[in-house]
Amino acid sequence: MKIIIPLVGGFGNAGGWRVLSQLANFWIEMGEEVVFLVHKKTNKPYFPTSAKLVYYNNEGVLSGTQDIEYPAPKLGALSLRKSLKKALDKMEGDVILANHSFTAGPVKKSSIKAKKFYYVQAYEPEYYYRNSFKDKLYKIISRKSYKLGLNIIVNAPMYRDFKEIKTDMYVFPGLDLDNFKPEEKEKNEKIILGTIGRLEEYKGTTYIVEAFKNIRKKLGDNVELHVAFGDAKLANEEGITLVIPKGDSELAKYYNSLDIYICAGTLQLQAVHYPVIEAMACKIPVITTGYLPADESNAWVVPVKNSEAIEDEVYALINSEISGKVNKAYQDIQIFKWHEVSSKMLDYFKNI
């Protein structure tokens with residue numbers, strides 16, 4: 001079976017691209033053929049994949065080579081949607097997997113004779129929250145993408161009947177438990193808190209920073225906040241260290257260097273959030289506002305937009321026994337093994 005995964009543009013370094021690379025790798029191990037269809041002006045995949053790369057240019061012409069110097073289309077992603085549709089019209093395959101609202105339209109409109117699926121990894125409209133023309137337009141595009149009639153597979157049960165999304169198929173994102181695993185280590189001299197520190201409003205990083213500042217006032221330099229992939233602005237805050245892990249191996253080491261991981265996201269809290277399950281896999285206690293499989297049995301759950309609650313839970317964790325919840329969390333994340341999730345999606349491809 002030949003599976004085509006089209007991208008508007010190319011690859012990124014966020015979790016969604018890891019999912020696509022790893023799904024492709026496991027499907028190839030299972031004997032399937034996988035092709036990524038990407039724009040000619042794109043870098044190599046941040047997350048390695050053994051899948052074949054096929055490129056398309058601004059006119060939708062297929063090519064076997066990339067060209068970083070190739071001119072970008074004038075209207076960016078809006079133009080690339082048309083280019084992608086033209087490129088798909090020239091291809092042959094058994095399954096085509098849309099994976100973002102910008103790829104759903106081209107997949108639906110293309111004349112390729114293949115089963116057409118749409119893997120939804122988040123409800124995108126809520127992430128276009130700024131009051132700009134661009135965000136308003138992208139919100140419209142993403143809402144419409146769920147009504148195109150593609151075979152929708154979501155990445156968490158919460159999305160099966162969520163606003164415009166309607167489906168009975170879900171496949172979790174996978175987790176590499178050979179990489180994200182607990183390490184033997186000496187006790188830190190200081191209390192090291194950690195978070196993934198992008199400053200988009202829905203990430204909730206500002207509440208973590210606010211809580212940390214109050215904790216720092218009480219505990220002094222005995223506590224630090226290590227922010228992975230953090231905005232450069234955070235480097236000016238006392239006690240905060242920015243960390244830029246390169247690849248999943250360094251990311252796992254980052255989690256294992258922490259005493260507590262904190263996630264304060266504000267949206268879609270019954271979805272799967274990679275940092276939560278990655279920290280759990282490393283047996284690091286997690287303070288979080290939600291996200292599968294976090295609950296009161298395996299994590300320290302706090303309300304959204306509440307820095308005081310985060311602060312209180314940090315104090316509680318410092319002075320309490322944590323092994324019970326940490327071990328329960330480690331058991332609960334076993335459902336995210338890559339072989340199981342990739343096999344489940346492959347079954348949907350074959351049986352629809």
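The values are calculated or read from the model by the stated rules, or taken from the named source; none is laboratory data. Bear in mind that the values here come from a model prediction, so they are computed numbers and not experimental data. Methodologically, a virtual Cβ is constructed for each residue, glycine included, from the backbone with ideal geometry; neighbour enumeration extends over all protein chains shown.
Of all the numbered requirements in (1) more than 20 Å from Val326 (Cβ to Cβ); (2) without any contact (Cβ under 8 Å) to a residue 40 or more places away in the chain; (3) out of contact with any Lys or Arg (no Cβ under 7 Å at 6 or more places or on another chain); (4) surrounded by 16 or more Cβ atoms within 10 Å (Cβ to Cβ), Phe229 misses one, and that requirement is (3). Every test in (1) over 30 Å from Leu97 (Cα atoms); (2) touching a residue at least 40 places away in the same chain (Cβ under 8 Å) is passed by His339 save one, and that test is (1).
Select from region 30-81 the residues that are aliphatic (A, V, I, L, M), in a loop (DSSP other than H, G, I, E, B) and in contact with a helix residue (DSSP H, G or I) (Cβ under 6 Å, 6 or more places away or on another chain) and list them in ascending order. Once the filter is applied, which keeps residues that are aliphatic (A, V, I, L, M), in a loop (DSSP other than H, G, I, E, B) and in contact with a helix residue (DSSP H, G or I) (Cβ under 6 Å, 6 or more places away or on another chain), region 30-81 yields only Ala51. For region 149-173, the tally of residues that are crowded, with 22+ Cβ neighbours inside 10 Å and either in contact with a His (Cβ under 8 Å, 6 or more places away or on another chain) or not in a loop (DSSP other than H, G, I, E, B) (or both) stands at 4.
Taken residue by residue, region 179-192 has no member that is part of a helix (DSSP H, G or I) and surrounded by 18 or more Cβ atoms within 10 Å (Cβ to Cβ).
Which residues, counting only those in region 301-352, are aromatic (Phe, Trp, Tyr) and farther than 30 Å from Asn25 by Cα? Steps first, answer last, please.
Taking region 301-352 as the starting set, the residues that turn out to be aromatic (Phe, Trp, Tyr) are 315, 330, 336, 338, 348-349.
Tyr315, the sole residue that qualifies.
Residues of region 276-316 that are assigned to a helix (DSSP H, G or I) and within 24 Å of Glu250 (Cβ to Cβ): Val276, Ile277, Glu278, Ala279, Met280, Ala281. Quick one: is Leu177 without any contact (Cβ under 8 Å) to a residue 60 or more places away in the chain and either touching a helix residue (DSSP H, G or I) at 6+ places or on another chain (Cβ under 8 Å) or assigned by TED's automatic domain parsing to the domain that holds Asp347 (or both)? Criteria not met by Leu177. What single numbered condition from (1) charged (D, E, K, R); (2) surrounded by fewer than 17 Cβ atoms within 10 Å (Cβ to Cβ); (3) in the same structural domain as Leu269 (by TED's automatic domain parsing); (4) within 27 Å of the chain's Cα centre (by Cα) fails to hold for Lys203? Going through (1) charged (D, E, K, R); (2) surrounded by fewer than 17 Cβ atoms within 10 Å (Cβ to Cβ); (3) in the same structural domain as Leu269 (by TED's automatic domain parsing); (4) within 27 Å of the chain's Cα centre (by Cα) one by one, Lys203 breaks only (2). Taking region 307-342 as the range and being surrounded by fewer than 16 Cβ atoms within 10 Å (Cβ to Cβ) and in contact with a helix residue (DSSP H, G or I) (Cβ under 8 Å, 6 or more places away or on another chain) as the test, the residues that pass are Glu308, Tyr315, His339.
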